[in-house]
Amino acid sequence: MKKNIIISWSSGKDSTLTLERLQEDERYNVVGLYTTYVGQQVPFQVTPIDLVKLQAKRLGLPLILIELPEVFPPNEIYQSTVVEGVKNSDLPVDGVAFGDMFCNGIADYRRSYIEKAGWECIFPLLGEDSTQLANEIIERGIETRLVTVDRNVLSNKLLGSLYTKELVERLPVNVDPCGEDGEFHTLVTNSASFSESIHLFDFSTKDEQRFSHLIYRWDN
């Protein structure tokens, strides 16, 4: 029997690649997405929750929203909040999937509370080469834009840019091609899994102490 999987959904390219790989894997059945948020937006991407809801609608999947008390709550609060959110979703869950790429201890951290709750922890992208993953995202036609950049390493002029082969090739050598060190974050507006694309417009930029974010509107 296929295992029922819920995906940790950030609204970006890594989550989308995770979804597409799992949908193609005969061992799994994706039953939904869950998103953690603070103040009606996804941290880091700063994606409005209403737009995450639209993504889920276009993907045809239930979305479980899990509110955090702050961006970086204590581990025990974060873990218990996520576990209770998934348990209270009423979805049949055998496993939880994450789009993590680096073998930097994050997998062990995820397993420490996901497996304790009785679920399998799944990492479809873990340990793979970032350049190859970037190429796969682009070749699959996953349409994504840069919505957050760390100005310590990238210019805010990149905000709103489509994630293309040309953009990846122009990135500084110290920047991971997938932004896995937090250099940038993305928002997906279309993929093979979407029923139709999401149109973003009226771009502007908001600069904070270290990070800059893309401000935009979208069509429903």
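The values are calculated or read from the model by the stated rules, or taken from the named source; none is laboratory data. Predicted model only: the values in this text are computed from it and were never measured. All Cβ positions, glycine included, derive from the backbone under ideal geometry; neighbour counts span all protein chains shown. Areas reflect the complete protein model, heavy atoms only, side chains present, ligands, DNA and RNA absent. Shrake-Rupley method; radii C 1.70, N 1.55, O 1.52, S 1.80 Å.
For the reader, a short list of remarks on this structure follows.
- Qualifying residues in the stretch 51-62 (those that are touching a strand residue (DSSP E or B) at 6+ places or on another chain (Cβ under 7 Å) and outside any helix (DSSP H, G or I)) - the one least open to solvent (accessible area, probe 1.4 Å): 61
- Residue count for the stretch 4-25 satisfying the condition of being surrounded by fewer than 18 Cβ atoms within 10 Å (Cβ to Cβ) and either among the β-branched types (Val, Ile, Thr) or assigned to a strand (DSSP E or B) (or both): 1.
- Residue pairs whose Cβ atoms lie under 7 Å apart, separated by 6 or more positions or on different chains, with the first residue in the stretch 170-187 and closer than 15 Å to residue 145 by Cα and at pLDDT 95 or above and the second assigned to a loop (DSSP other than H, G, I, E, B) and acidic (Asp, Glu), are 183/176.
- Inclusion of residue 153 among residues that are outside any loop (DSSP other than H, G, I, E, B) and either open to solvent by less than 40 Å² (accessible area, probe 1.4 Å) or closer than 24 Å to residue 215 by Cβ (or both) is not warranted.
- Considering (1) over 21 Å from residue 143 (Cβ atoms); (2) without any contact (Cβ under 8 Å) to a residue 24 or more places away in the chain; (3) in contact with a strand residue (DSSP E or B) (Cβ under 7 Å, 6 or more places away or on another chain), the lone condition that residue 3 does not fulfil carries the number (2).
- Of the residues 205, 131, 144, 148, the single one that is open to solvent by 20 Å² or more (accessible area, probe 1.4 Å), among the hydroxyl-bearing types (Ser, Thr, Tyr) and under 27 Å from residue 103 (Cβ atoms) is 131.
- Considered as a group, the residues in the stretch 20-46 that are in contact with a Leu (Cβ under 7 Å, 6 or more places away or on another chain) and not β-branched (Val, Ile, Thr) include one that is modelled with the lowest pLDDT, and that residue is 45.
- The residue of the stretch 26-50 that is surrounded by the fewest Cβ atoms within 10 Å (Cβ to Cβ), among those that are in contact (Cβ under 8 Å) with a residue 40 or more places away in the chain and not β-branched (Val, Ile, Thr), is 44.
- Search result, residues across the stretch 70-126 that are in contact (Cβ under 8 Å) with a residue 60 or more places away in the chain, in a loop (DSSP other than H, G, I, E, B), farther than 16 Å from residue 9 by Cα and in contact with a strand residue (DSSP E or B) (Cβ under 7 Å, 6 or more places away or on another chain): 92, 94
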